[in-house]
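The values are calculated or read from the model by the stated rules, or taken from the named source; none is laboratory data. Note that the structure is a prediction, hence the values are computed from the model and not measured. Every residue, glycine among them, receives a Cβ derived from its backbone with ideal geometry; neighbour counts consider all protein chains shown.
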Amino acid sequence: MKFNNGNWTMIKAINEKNNYLHRALFFICLVCIHFQLKAQKGNEQQMNVFIDALMKKMTLDEKVGQLNQYASNWSTGPISPGGNIIQEIKEGRVGSLLNVKGVDKTRALQEVAMQSRLKIPLLFALDVVHGYKTTFPIPLAEAASWDLNAIKQSARIAAIETAASGIHWTFAPMVDISRDPRWGRVMEGAGEDPYLGSLIAKARIKGFQGNGLGSLDAVMACAKHFAAYGAAIGGRDYNSVDMSEHTLWEIYLPPFKAAVDAGVATMMNSFNDLNGIPATGSAYLQRDILKGKWKFKGFVVSDWGSIGEMVEHGYAVDKSDAAQKAILAGNDMDMESRSYTANLAQLVKEGKVPIAMIDDAVKRILTKKYEMGLFDDPFRYCNEQREKDAINNPQHRIIARDVAQKSIVLLKNQNNLLPLSKSTKTIAVIGPLAKSKEDMLGFWNVPWQDNSDVVTLYEGIEKKVSNSTKLLYAAGVDPNDTTKSGFAEAVNAALQSDVVIVSVGEKRSMSGEAKSRSNIHLPGVQEDLIKALYATGKPIIVIINAGRPLIFDWTANNVPAIIYTWWLGSEAGNAIANVLFGDYNPSGKLPMTFPRTEGQIPIHYDYFNTGRPAPENTKVVNFRSGYIDLPKTPKYAFGYGLSYTTFKYEGLKLSDSMMTKGKNIEVYFTLTNTGKVAGEEVAQLYIRDKVASLVRPVKELKGFEKVYLNPGESKVIHFKIDRDKLSFYNQKLEWKAEPGTFMVMIGAASDNIQLQSSFKLID
Ligand code: NOJ
């Protein structure tokens, strides 16, 4: 349907009718909510009576025990030596364990906890960041799908498998905004944008927590790392963060706030100091904002050893001082620093820590154990048959493939080289990652002895092509290496082929925690390999697997087709093959800006204009804000991604030219698939506040819709702009919209605005 004045009136009429229906529905919902709340209140009262009674029986040591979390012998950080964990569990001096996996192990340890005086069950935690047995794409890849349902579904499946394996709690989602691709942990989050990041945070939490804590297939989520960890100076992991209050509130805190609003069970604080105060010891972050202003009812766990690390920071004299600072600041549970278990009881006895603070932390933790149903049955997540069924469910692989293909971003497709014909005679599959299983999984996958079920790119292609297609293979190079001795074999394979597919990028160990890189070009001599293959004159498709935006300018400028696949998980090979051969039309859009070179970092789309904006896409001349050696624009912008079809944007209409009190602006336009194949487009809404009491970004994402259209099909797309979308934190840190002109921009990417209009906000 095209958009014109006739159907404009029709839309208005439909809207009015819908309003009436909505009001009726709203009333019915209110009645339901009333009864639900009453029942909940009853349950809550029961729970409080139980927990209060239990706490009356607890000794101070047992209370401190609940705040203590140890890792098993599989470590994701530096283990503090000493202690007999089994004995401590028996003595009621451990509240939770991390890195224990599987029903047999969690059952055995829970049995030990049942030997303790008060039989308080343990909480088992694990970093289930992108899938448990079925590995999904890394979170940054999933963010590229801009598909909130798919992202929620991925977390749901992860939760089903995790909960069935005796684990109650995942240390995910990471909701840190990240604008510096040198930081290895960008792979774990949703990228650079607070609006997209907040929606994704919510989707993941809803996915993990399913129908609520206590459902057998739900795990507690943990929003991390609170706060501003993503802004580590120089992109160096664990580094300091120096940031204005304004940036903190506007860019870095919103996904955490969204997580709290979505009912996240727990939060993890972070390693970094923020403006000189380690986040773990920050009362401002944890007490004032999180537990105070946002009324967070769950509990806060430290990051691994981060309480003890306040000594290294130079913020605490010793671990006792660190324990005191952390608990006073609102950190409830100590992960692996052993500062609480060694010192908290003494600190209470000396009057340095009020018992009320310990009680509050204990109560928060016991509440979660209660909500998980562990006091009813500590072994309710320990069912071998359920575990087996869940981790071998073939349906999960189908969903993983679907999410994986949605996460792929087509960066370049000159002369429609892609998709390839399945009956191409000879295809050379080259590159160090083409036959790699482990590297498809990416960092933070849950380790398994046997990864043989991961589908490699080579296997995916092999299954896809016709019987008569011949595949040639050569690794050509090792990403960790600079030797070119494998080039000749690779070039030879290319020369014998009709088309060359090159799989390059980062190995699994090249992005992730403690994997910051100062040089984010394609590692090793991989780009030289691409050059050598290009010199054969054969058509080349480059597939880049990586945990972060990489720099590959020569490839981008010369090679005809480039697909960015990130790390896609168990179904990587099948998903990429679907895209290569046209069984799936790529629809991903970049959730992070790709710089031209490291010197542009940090780089993001929502920058300020400055008083001397340089023209786009040229080197700067005449005293303007840019670089004299390259344009200020990125290589690939936030929101960018191609499809095998084309889309036309037309007929932008705003419901009014003025936004008055209590009114919204409704935005409509028509999107048409003008190509020959069906496809999905992520239509994006950006706004710009032209003049305000603080400088506002040149663009801010405020809406998007992923739309599926058949060839020739059109759809009217609607966005609503309310006051909230125009608001920002002013100098007094009040969230307010200021009257004035707002630009409305609709586009296919942040640097590809197709339609534009404006309206005035009247106070
Ligand atoms: C340290 C990481 O920063 C955090 O994200 C993770 O959850 C813990 N280690 C536990 O593995």
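Values as computed for the structure displayed
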{"read-out": "For CYS382: the one exception among (1) touching a residue at least 40 places away in the same chain (Cβ under 8 Å); (2) crowded, with 16+ Cβ neighbours inside 10 Å; (3) in the same structural domain as GLY582 (by TED's automatic domain parsing)", "value": "(3)"}
{"read-out": "Residue under evaluation VAL542, criteria (1) under 19 Å from ALA400 (Cβ atoms); (2) crowded, with 20+ Cβ neighbours inside 10 Å, criterion not met", "value": "(1)"}
{"read-out": "Verdict on SER215 being of a type in the set (Ser, Thr, Tyr) and free of Cβ contacts under 8 Å to residues at least 60 places away in the same chain", "value": "yes"}
{"read-out": "Yes/no for THR247 being outside any loop (DSSP other than H, G, I, E, B), free of Cβ contacts under 8 Å to residues at least 40 places away in the same chain and among the β-branched types (Val, Ile, Thr)", "value": "yes"}
{"read-out": "Count of the range 588-602 residues which are in a loop (DSSP other than H, G, I, E, B) and more than 17 Å from ASP176 (Cβ to Cβ)", "value": "6"}
{"read-out": "Scan of the range 335-356 for residues that are touching a Leu at 6+ places or on another chain (Cβ under 9 Å) and crowded, with 17+ Cβ neighbours inside 10 Å, ordered by number", "value": "MET335, GLU336, TYR340, THR341, LEU344, ALA345, VAL348, VAL353"}
{"read-out": "Of all residues making up the range 257-287, the number that are more than 16 Å from the ligand (Cβ to nearest atom), of a type in the set (S, T, N, Q), free of Cβ contacts under 8 Å to residues at least 60 places away in the same chain and crowded, with 23+ Cβ neighbours inside 10 Å", "value": "1"}
{"read-out": "Subset of the range 306-347 that is among the charged types (D, E, K, R), part of a helix (DSSP H, G or I) and free of Cβ contacts under 8 Å to residues at least 12 places away in the same chain - its residue that is farthest from the ligand (Cβ to nearest atom)", "value": "ASP321"}
{"read-out": "Single condition ARG93 does not satisfy, out of (1) crowded, with 16+ Cβ neighbours inside 10 Å; (2) more than 16 Å from the ligand (Cβ to nearest atom); (3) not in a loop (DSSP other than H, G, I, E, B)", "value": "(3)"}
{"read-out": "Among the residues listed as ASP303, ASP377, the single one being in contact with a Phe, Trp or Tyr (Cβ under 7 Å, 6 or more places away or on another chain) and outside any helix (DSSP H, G or I)", "value": "ASP303"}
{"read-out": "Every pair of residues 6+ apart whose Cβ atoms lie under 6 Å, when the first sits in the range 162-177 and is away from the ligand (no atom under 15 Å from the Cβ) while the second is assigned to a helix (DSSP H, G or I) and among the polar types (S, T, N, Q)", "value": "GLY166/THR106"}
{"read-out": "Evaluation of SER80 against (1) touching a Gly at 6+ places or on another chain (Cβ under 8 Å); (2) among the polar types (S, T, N, Q); (3) crowded, with 22+ Cβ neighbours inside 10 Å (one fails), failing number", "value": "(3)"}
{"read-out": "Among (1) of a type in the set (S, T, N, Q); (2) surrounded by fewer than 20 Cβ atoms within 10 Å (Cβ to Cβ); (3) under 30 Å from the mean Cα position of the chain (by Cα) - the single one GLN684 does not satisfy", "value": "(2)"}
{"read-out": "Elements of type strands (runs of 3 or more DSSP E) contained in the range 409-485, each with 2 or more residues being within 30 Å of GLU513 (Cα to Cα)", "value": "409-413"}
